[in-house]
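Engineer: Dumping the structure here so I can ask a few things about it.
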Amino acid sequence: MKTQVAIIGGGPAGLLLSHLLHQAGVDSVVLEHRSRAQVQSRIRAGVLEQGTVDLLRSCGLGDRMDREGHPHDGMQVAWAGQESFFIDVRKHLGKRFMAYGQTQIQEDLHAACDARSARVIHEALDVTLHGVESANPHVTFVHAGQEQRLDCQFIAGCDGFHGVSRKAIPANVLREFEKVYPFGWLGILSETPPLPDIVYANHPRGFALASMRSPTLSRYYLQVPLDTRIEDWPDERFWQELKARYPREIADRIVTGPSIEKSIAPLRSYVAEPMRHGQLFLAGDAAHIVPPTGAKGLNLAVSDVFYLSRALADFYGTGSPFLLDGYSDMALRRVWASVRTSWYLTNLLHRFPDSTAFDQRAQEHELEYLRSSPSAQLALAEQYAGLPFEAPGGA
Ligand code: APR
Ligand code: PHB
C-alpha cells in the first residue's frame, strides 16, 4: 500500500487529521490497533473550547454537535464554607464552550470516514515505524493474519499516550516532562439533567466536579485516593459523597439516578518535546497528557491536528516545508499554555494528601483572590478558554 501520510491511531486526533487532510486533497491511511467498536466505546472528555467548536463547524463536523451539545459560558467554583463564584468566559472574552462528548465526536468522525470511503484499517496489529529519519519512511503491520507494508512520505503519530510512535524518537533527542498527582478521579455518567453550569468544588473531603454531556446526560467526578476500588463505590455512596462536597444550595439541585458508566482515572501531566522527528509528527495524547481538570486534552489534540493538517496541506500545495518545520514549536506553545492551566487548576481545586497548613492557607488565599478580583477572573477566563490558534506565520 502507498499513501502520502500514514496516520497511526484512529482516535479523535487521527481521524480528524485524516478528515482535514482529505479536505485539503492530501491522501492518508489510518492504522488503528483496536476494533471500531472498542474505539467507539471509550468514554472520555466532553468540553469543547470555542476554537474547537469553530474548527468542527468549519470542516463540516458541527451539525450534530450544534443540535445535541449544550453551550455554556464559563465555570463555577464552590469552596468550603464560602460563597461560590463564576468565571464568566463569555462576558470577558465573548467565547463560549460546548458540552459534547468525545464519544459523540468519535461517532461523527466515523460517519464522515464512511461517507468518503476513507482508508481506515482497524485491528492493525504490531504497527512498526521504519526509516522516520529518511525521506521515504514506511510502516509495517499485521492485519487479518497478513503482514502488510504501507509506504508513505510522512507519518503522523496519533496513537495516544501508550502508542508506538513516540518511541520511534531516539532517547537522546526526546525530552520528557512529567508530573504524577497523588490521587485519581472517580467518574460517573448518569441519565439525569445536569446543573446548568460546570461546577468545581474544593472541599476538605476532596475535589468534586459537576459536568454535562447533554441536557439529559450528566457527568460527575470525585477526587479519590489512588488505591480506590470501583466495587467499593455503589451509586448511593457516590451521590452521598458528591453532595457532601458541595454547598447545600448546589447539592440540593443535583438530580441523582442510576449510573450508566463508572470509572477511575489517575491524574498526570506529561509533555514530550520535540513533537517532530524527521518525517514523524506527533499529535494529541501521543505527545502530551494533561490531568482532566480544565478539560484540555481533547482540545489540544484538535489544535495539534489543525496545525499539522495546515502544514501538510501547505507542503503539498506549495512545496514549502516552512510550516512543517515550525509545527513542533507552534504546537508546543499552545500545549504548554494548557498544561500549565490544568496544573494550576489541579493545584487550586484538589486537597493534596501531603499538603501542609501553609499550603492550605495559600490555596484558600488564592481562591479568595479569584473570588474577589475581576482581574484575576479575567486572567483565568483567558487561560480556561484556551489560546486562539496561531496564524501560519506565528502569533
Ligand atoms: N497502533 C495503532 N493504534 C494504536 C496503537 C498502536 N500501537 N496504540 C494506540 N493506538 C490507538 C488507540 O487504540 C486509540 O484509538 O490510537 C488511538 C489514540 O487515541 P486517543 O488515546 O483517544 O488519543 P487522541 O486521538 O490523541 O485523543 C486525544 O483527548 O480527551 C483527551 O485523552 C483524551 O483520548 C483523548 C485525547
Ligand atoms: C468533563 O465533563 O468530563 C469535564 C468537564 C470539565 C473538566 C474536566 C472534565 O474540567
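Engineer: Of the residues V305, V335, which is buried (at least 24 other Cβ atoms within 10 Å of the Cβ) and of a type in the set (V, I, T)?
Structural biologist: V305
Engineer: Can I ask one more? Which of the strands (runs of 3 or more DSSP E) contained wholly in region 85-160 include at least 3 residues that are under 30 Å from V173 (Cα atoms), in contact (Cβ under 8 Å) with a residue 40 or more places away in the chain and touching a Phe, Trp or Tyr at 6+ places or on another chain (Cβ under 9 Å)?
Structural biologist: 146-151, 154-157
Engineer: OK, next. What number of residues in region 180-213 are surrounded by 18 or more Cβ atoms within 10 Å (Cβ to Cβ) and not in a loop (DSSP other than H, G, I, E, B)?
Structural biologist: Counting residues in region 180-213 that are surrounded by 18 or more Cβ atoms within 10 Å (Cβ to Cβ) and not in a loop (DSSP other than H, G, I, E, B) gives 20.
Engineer: Separate question: For region 278-288, give me each residue that is surrounded by 24 or more Cβ atoms within 10 Å (Cβ to Cβ) and aliphatic (A, V, I, L, M).
Structural biologist: Residues satisfying the conditions are L282, A283, A286, A287.
Engineer: Okay, moving on. Restricting region 275-294 to residues that are within 30 Å of V77 (Cα to Cα) and in a strand (DSSP E or B), which is farthest from ligand 2 (Cβ to nearest atom)?
Structural biologist: The selected residue is H288.
Engineer: Looking only at region 154-179, how many residues end up being in contact with a strand residue (DSSP E or B) (Cβ under 7 Å, 6 or more places away or on another chain) and surrounded by 17 or more Cβ atoms within 10 Å (Cβ to Cβ)?
Structural biologist: Counting residues in region 154-179 that are in contact with a strand residue (DSSP E or B) (Cβ under 7 Å, 6 or more places away or on another chain) and surrounded by 17 or more Cβ atoms within 10 Å (Cβ to Cβ) gives 12.
Engineer: Answer yes or no as to whether R219 is within 16 Å of ligand 2 (Cβ to nearest atom), at pLDDT below 95 and closer than 27 Å to I250 by Cβ.
Structural biologist: So R219 does not fit the description; no.
Engineer: So which of G317, G284 is in contact (Cβ under 8 Å) with a residue 24 or more places away in the chain and on the phi < 0 side of the Ramachandran plot?
Structural biologist: G317
Engineer: In region 165-217, which residues are acidic (D, E) and more than 16 Å from ligand 1 (Cβ to nearest atom)?
Structural biologist: The answer is E176, E191, D197.
The values are calculated or read from the model by the stated rules, or taken from the named source; none is laboratory data. What you see is a predicted model, and the numbers here were worked out from it, not measured in a lab. Don't worry about glycine lacking a Cβ; one is built from the backbone with ideal geometry, like all the others, and counts go over all protein chains shown.
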